[in-house]
Amino acid sequence: MNIQYLIVTVILAIAVGYAAWRIYRALRMANDPCYDCEGCELKELRKTALRKNKPCEEKK
């Protein structure tokens, strides 16, 4: 009977950990319009615009 409780506890801990990770990611990316988007044109345009606006790093 103890091994069953151990297995259930491990499964529940993994499930709670995964749910917490997804909630954390969703809250962290709440202001990103492209959060969880798979390759739409808006995302590509945004990446390009962000790259163009970054200041160039000085070469040593």
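So the values come out like this:
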item	result
Which numbered condition Ala15 fails, given (1) at pLDDT 90 or above; (2) under 20 Å from the mean Cα position of the chain (by Cα); (3) open to solvent by 100 Å² or more (accessible area, probe 1.4 Å)	(3)
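Condition check ((1) within 21 Å of the chain's Cα centre (by Cα); (2) modelled with pLDDT under 70; (3) among the charged types (D, E, K, R); (4) not in a helix (DSSP H, G or I)) across all residues:
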{"site": "Leu6", "(1), (2), (3), (4)": "no, no, no, no"}
{"site": "Ile11", "(1), (2), (3), (4)": "no, no, no, no"}
{"site": "Arg25", "(1), (2), (3), (4)": "yes, no, yes, no"}
{"site": "Ala30", "(1), (2), (3), (4)": "yes, no, no, yes"}
{"site": "Tyr35", "(1), (2), (3), (4)": "yes, yes, no, yes"}
{"site": "Leu42", "(1), (2), (3), (4)": "yes, no, no, no"}
{"site": "Leu45", "(1), (2), (3), (4)": "yes, no, no, no"}
{"site": "Lys52", "(1), (2), (3), (4)": "no, no, yes, no"}
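The values are calculated or read from the model by the stated rules, or taken from the named source; none is laboratory data. It should be emphasised that the depicted structure is a prediction, and the values quoted were computed from it without experimental measurement. Surface areas here come from the heavy atoms of the whole protein model, side chains and all, with no ligands, DNA or RNA. Shrake-Rupley method; radii C 1.70, N 1.55, O 1.52, S 1.80 Å.
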